[in-house]
Amino acid sequence: MRKENNDRMGWEENVRKVTPYVPGEQPENKKVIKLNTNECPYPPAPGIRKLAGSIDYSRLRLYPDTEAKRLSEALCGYYHIMPEQLFTGIGSDDVLAMSFLTFFNSGKPVLFPDITYSFYDVWAGLFRIPYQQKKLDEKFRIVKEDYMTENGGIVIPNPNAPTGVLEGVDVLEEIVAANPGSVVIIDEAYVDFGGESCLKLIDRYENLLVVRTFSKSRAMAGLRIGFAMGSPKLIHYLKDAKFSFNSYTMNMLSVELGAEAVRDEKYFQDTIKKIVATRERVKKELLGMGFVFPDSKGNFIFAAHPEVPAKKIFEELKVRGIYVRYWEKPRIDNYLRITVGTDEEMDILINNLRSIMKNKPE
Ligand code: PMP
């Protein structure tokens, strides 16, 4: 009996211990105005609903196509790339995690900004990859020279999250060119909302991987579709790792419905236009209330108020049924990340912010 207890103590020492990523809340209450996880406030392309209703359900007994061919064809046609330059996965989180596992294998530290997507350090921790976080300047811009030192890989989101700050492709190209010895990942989760993509560089730089998602601009976070574009060599290595882990990542519905989303270009562009127009309007309203924020090119605004602590505003909004995102972390603990919702949702947010500001909670 005693030995058993000791053994039980023993196994715990050998567990891979990690500090997990904390996703934004997904409340069940549909009445909540949900501006906390950068989802699209509009439904996906209408053709998807029609197609979803007509899919032969008996096909669900079969394993899905391991190459996600229908989706791949649609994406290759849309982005003018070859199938050998495309990798698909279960949201860009899956694609990014697999990329960390595959490419950041040198034992040297991987570099990314100190204020950035809070999953990067979690994957580094999970895979035991050393990393260094490079401090953004006071305007939340990256300092390119920081990424020109010895490293085991680089990951930069563009636009950055949660700041929304967009970096020029010229600066990112300099970083990619200065690092032929490591893989540079540009995470373009939000690039459709007004950024210039690094995609045009993938034919020139074998070490560049551009990662995208259907979760934001294509309004399909629930289906979990992400993809990466890069040189055939990079994609080959990524697929080798993926097929050594789980060959059936892309389910049949995601493949079919994702392909349909890519076909409806007009709906895609119209949705982006609406979100960008709302974002620009909300920026003006927030400025009028005294908020400060870096100029955002994403579907969110990272705002602070000089007089009222962000935590108080966050809590007050929550009580009123409006969820935004707040991190109690150094340098950003006075900021709120507010997803751009519909015009109606943003009007309710603005009215509530006005009323909170009037009472100025300490
Ligand atoms: N990259 C960034 C910068 C993000 O903000 C997100 C969304 N949380 C992702 C990647 C992952 O998105 P998804 O897995 O839904 O594609």
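The values are calculated or read from the model by the stated rules, or taken from the named source; none is laboratory data. Quick caveat, the model's predicted, so the values are computed rather than measured. No Cβ is skipped: glycine too gets one built from the backbone with ideal geometry, and neighbour counts run over all protein chains shown. Note: accessible area is taken over every heavy atom of the protein model, side chains too, but ligands, DNA and RNA are not part of it. Shrake-Rupley method; radii C 1.70, N 1.55, O 1.52, S 1.80 Å.
A few remarks follow.
- Of all beta bridges that DSSP places with both ends in the chain, some 50 percent have antiparallel geometry.
- Using a probe of 1.4 angstrom and keeping all protein chains present, the accessible surface of the stretch 61-264 works out to 40 square angstrom per residue.
- Mean separation of Cα contacts under 8 Å (6+ apart) over length of the chain, as relative contact order %: 23 percent
- Hydrophobic, long helices, defined as DSSP H runs whose alpha-carbon span along the helix axis is 30 Å or greater and whose mean Kyte-Doolittle value is at least -1.0, occur in the chain at 265-288.
- Simple spin-label estimate for THR66 and ARG141 gives 4.8 nm between the two label positions (7 Å along the Cα-to-Cβ direction from each Cα).
- Sum of -39500 (n - 2.57) over DSSP H runs of 4+, divided by residues of the chain (222 nm, nearest 500): -12000 deg cm²/dmol
- Straight-line reach from LYS358: taking Cα to Cα under 17 Å and skipping same-chain neighbours fewer than 8 places apart, the aspartates and glutamates in range are GLU285, GLU307, GLU315, GLU316, ASP347.
- Spacing of the modelled spin labels on ASN105 and GLU73, each 7 Å from Cα toward Cβ, amounts to 3.2 nm.
- Here's the list of lysines a cross-link from LYS69 could span, going by alpha-carbon distance under 25 Å and ignoring same-chain residues fewer than 8 apart: LYS50, LYS200, LYS216, LYS233, LYS239, LYS242, LYS266.
- Max mean-square fluctuation residue, GNM over the chain, Cα-Cα springs under 10 Å, options ASN38, ASN334, ASN158: ASN334
- Centroid-to-centroid separation of the stretch 5-59 and the stretch 207-252 [C-alpha atoms, Å]: 17 Å
- With a Förster radius of 35 Å applied to the beta-carbon distance between ASP333 and GLU150, the computed FRET efficiency rounds to 0.65.
- Calculated FRET efficiency, VAL32 to ALA52, Cβ-Cβ distance, R0 = 30 Å: about 0.75 to the nearest 0.05.
- Where N is the number of residues in the chain, Cα Rg divided by 2.2 N^0.38 Å: 1.04
- Inter-probe distance in nm under a simple model that places probes 7 Å from Cα toward Cβ, at GLN269 and THR19: 4.6 nm
- Antiparallel content of DSSP bridges confined to the stretch 61-264, in %, to 5: 40 percent
- Tensor-based shape of the stretch 61-264 (alpha-carbon gyration tensor, a/c under 1.5 rounded, otherwise prolate or oblate): prolate
- Long pairs among LYS134/LYS329; LYS139/LYS283; LYS34/LYS135, criterion Cα-Cα beyond 21 Å: LYS34/LYS135
- When nucleic acids and ligands are ignored and a 1.4 Å probe is applied, SER197 ends up with an accessible area of around 30 Å².
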